[in-house]
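The values are calculated or read from the model by the stated rules, or taken from the named source; none is laboratory data. In this text the structure is predicted, and so the values were computed from the model without any measurement. Ideal geometry is used to build each Cβ from the backbone, glycine not excepted, and the neighbour counts take in all protein chains shown. Only protein heavy atoms, including side chains, enter the accessible area calculation; ligands, DNA and RNA are left aside. Shrake-Rupley method; radii C 1.70, N 1.55, O 1.52, S 1.80 Å.
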Amino acid sequence: MAQMRKKSVEKEKIPVASLTSLGCAKNFVETEHAAASLLQAGFGLAAEEGSENIRYINTCAFLKSAREEAFAHIREAEEWKKRKKGRFVCVGGCLVAHMGAAELKEKFPLVDLFVGIDDTASTGVLLKKVMEKGANMPEISGTRNFVCSHDTPRLQLTPSHYAYLKISDGCDNRCNYCLIPSIRGRLRSRKAEEIVEEAENLLSSGVKELIVIAQDTSAYGKDLAGKSLLPDLLKKLDGLKGEYLLRLMYLHPAGITDELIMTMKKMKHLVNCLEMPIQHIDDTVLKNMGRKIFEKETRNVLDTLKKNGFALRTTLMTGFPGETQEAFEKLLAFVKEFEFRRLGVFAYSPEKGTPGAKMPSRPSSREGQARRKALLEAQGVLSEKFNRTLLGKETEVIVDFPDGEGSYLGRTIIDAPDIDNLVHIESSGTVLSPGMRIKCLVEKVSKYDLFVRYVPAGNGNTRINDKTGKKQGKGGGK
Ligand code: SF4
């Protein structure tokens, strides 16, 4: 009898899915929602590559290169499906919203299910329906109204010590190069109490670092109250119990107010490195981009944040229509003068459906790429210069992953996971665990990375808190 039972369970093997998450951290949270819905619908998640019989691909679409990357993943999944019966392909995310059902079905006829962005949290249920004998693909919702809440099922897929906290979806800024408003829809802010409840749940599950994200975090609440409610939300998030870091990403310089700066300055848990894409510094280019802020105001915001002890991570764009050689040289000079702690650069890619794509006087893509390279080279010099100031000093490091015998990979406090610089840690034989914040001696530096040795507590036993830079005892806060 038991033999027969075992046989029938084996015969009824639970379908397992592999997850591919393309694009930004906001899309990653969507993948976490889809993963939870797959589990709730009775699917498994593939523990190792090759064991899956479902491929779930959460796509990005805001740039041509991102769409091509998504196409490549979907095509590869279709080939994989052809190789064995009983395999399924499910595609979600921004590409579905951007291209729509008809075009996608024609382009990828072997895909079993396309999930609209409003249905991500129902991916499991929808896939179950499709996998029933002879079922057709359900209608794909083209709407963009969904806002996740604290009880939207979510499976944390980041390492256990950090998690993203998405505070809104969509964007009303409509920068002239950006497809995101047409893909993700109007700004939809989550209720503050729901965000705080989710943050509490994450902290109580062992998360030590909450990374606050949205398309434009500084616009949080404008759709609810006609003005930014970010200061209020940050005060609530900073008031939670425990030792944790709050990292603020995707601020818009036009959304920085004195109230926000004063709030951030008083916070106990906020990492003192803010991420704020400025895109450019030249007025003509900023006007063409539709960034609603110009050189003078941008400089004021940046200088005020710097004076208040904040380091900055930014993103720039080269090659946008109206960027003359002179305008570019102004941007290059500004980067050398301001010394951003971290910097990323995109070369402009004209996107059909955006005003920028129709604008005249666009530098060639080759010029855009060459200017991008020049900015990154300048930043490389500044980054190495800064790293050299840390040589022989102690710095605080977040441990992320083991990296071979007695070695670990980590980040300095100002570095965001996945996108910023790495710290290579020699632990002198001590076993470290992910999420630990430790004191390390900087022994070697490269242009971007640090090579450090763990300094066990008791060896001069103070811990440097990079947020304030002051020596202090145990416990973390100011
Ligand atoms: S702020 Fe501008 S660049 Fe950022 S998502 Fe909104 S429209 Fe796009």
Residue list for region 219-257, restricted to those being among the basic types (Lys, Arg) and closer than 21 Å to residue 24 by Cβ: 222, 247
Residue, nearest to residue 286 (Cα to Cα), within region 151-199, restricted to residues that are hydrophobic (A, V, I, L, M, F, W, C) and assigned to a helix (DSSP H, G or I): 180
Residue under evaluation residue 342, criteria (1) surrounded by fewer than 17 Cβ atoms within 10 Å (Cβ to Cβ); (2) closer than 28 Å to residue 389 by Cβ; (3) among the basic types (Lys, Arg), criterion not met: (1)
Hey, residue 32 of a type in the set (D, E, K, R), open to solvent by less than 10 Å² (accessible area, probe 1.4 Å) and part of a helix (DSSP H, G or I) or not: yes
Test result for residue 377, over 30 Å from residue 172 (Cα atoms) and not assigned by TED's automatic domain parsing to the domain that holds residue 161: no
Residue ID - nearest to the chain's Cα centre (by Cα), chosen from residues in region 268-314 that are under 21 Å from residue 415 (Cα atoms) and within 16 Å of the ligand (Cβ to nearest atom): 275
Breaking point among (1) assigned to a helix (DSSP H, G or I); (2) surrounded by fewer than 16 Cβ atoms within 10 Å (Cβ to Cβ), for residue 361: (1)
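Please pick out the residue among 152, 158, 123 that is farther than 30 Å from residue 242 by Cα and more than 16 Å from the ligand (Cβ to nearest atom).
Residue meeting the stated conditions: 123.
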Whichever residue in region 81-109 is part of a helix (DSSP H, G or I) and not aliphatic (A, V, I, L, M) and, among such residues, is most open to solvent (accessible area, probe 1.4 Å): 106
Residue, farthest from the ligand (Cβ to nearest atom), within region 175-204, restricted to residues that are acidic (Asp, Glu) and open to solvent by 50 Å² or more (accessible area, probe 1.4 Å): 200
Among (1) within 14 Å of the chain's Cα centre (by Cα); (2) of a type outside the set (Ser, Thr, Tyr); (3) within 11 Å of the ligand (Cβ to nearest atom) - the single one residue 172 does not satisfy: (1)
Criterion (among the basic types (Lys, Arg) and touching a residue at least 40 places away in the same chain (Cβ under 8 Å)) met by exactly one of 144, 83: 144
Matching residues, region 435-454, being farther than 27 Å from residue 163 by Cα and not in a strand (DSSP E or B): 446, 447
Unmet criterion (only one of (1) open to solvent by less than 10 Å² (accessible area, probe 1.4 Å); (2) part of a loop (DSSP other than H, G, I, E, B); (3) within 16 Å of the ligand (Cβ to nearest atom)) for residue 207: (3)
Output for region 108-129, where each listed residue is over 12 Å from residue 30 (Cβ atoms) and among the aliphatic types (A, V, I, L, M): 110, 111, 113, 125, 126, 127
Which listed residue, of 163, 214, is closer than 21 Å to residue 23 by Cα, at pLDDT 95 or above, open to solvent by less than 20 Å² (accessible area, probe 1.4 Å) and away from the ligand (no atom under 16 Å from the Cβ): 163
Qualifying residue in region 68-79 (condition: assigned to a strand (DSSP E or B) and crowded, with 16+ Cβ neighbours inside 10 Å): no
Residues (surrounded by fewer than 22 Cβ atoms within 10 Å (Cβ to Cβ) and assigned to a helix (DSSP H, G or I)) located in region 232-264: 232, 235, 236, 238, 254, 255, 258, 259, 260, 261, 262, 263
Any pair with Cβ under 7 angstrom, 6 or more apart, that starts in region 68-79 at a residue that is more than 20 Å from residue 349 (Cβ to Cβ) and ends at one that is not hydrophobic (A, V, I, L, M, F, W, C): 77/55
Test: residue 455 is of a type outside the set (Gly, Ala, Ser), surrounded by 14 or more Cβ atoms within 10 Å (Cβ to Cβ), modelled with pLDDT under 95 and not assigned by TED's automatic domain parsing to the domain that holds residue 248: yes
Filtered residue count, region 259-317, keeping only those that are out of contact with any Gly (no Cβ under 7 Å at 6 or more places or on another chain) and hydroxyl-bearing (Ser, Thr, Tyr): 4
Odd one out for residue 73 among (1) under 15 Å from residue 27 (Cβ atoms); (2) touching a helix residue (DSSP H, G or I) at 6+ places or on another chain (Cβ under 6 Å): (2)
Top-ranked residue of region 51-66 - restricted to ones that are out of contact with any Cys (no Cβ under 7 Å at 6 or more places or on another chain) and open to solvent by less than 10 Å² (accessible area, probe 1.4 Å), ranked as nearest to residue 31 (Cα to Cα): 58
Residue list for region 110-137, restricted to those being part of a loop (DSSP other than H, G, I, E, B) and surrounded by 17 or more Cβ atoms within 10 Å (Cβ to Cβ): 111, 112, 115, 116
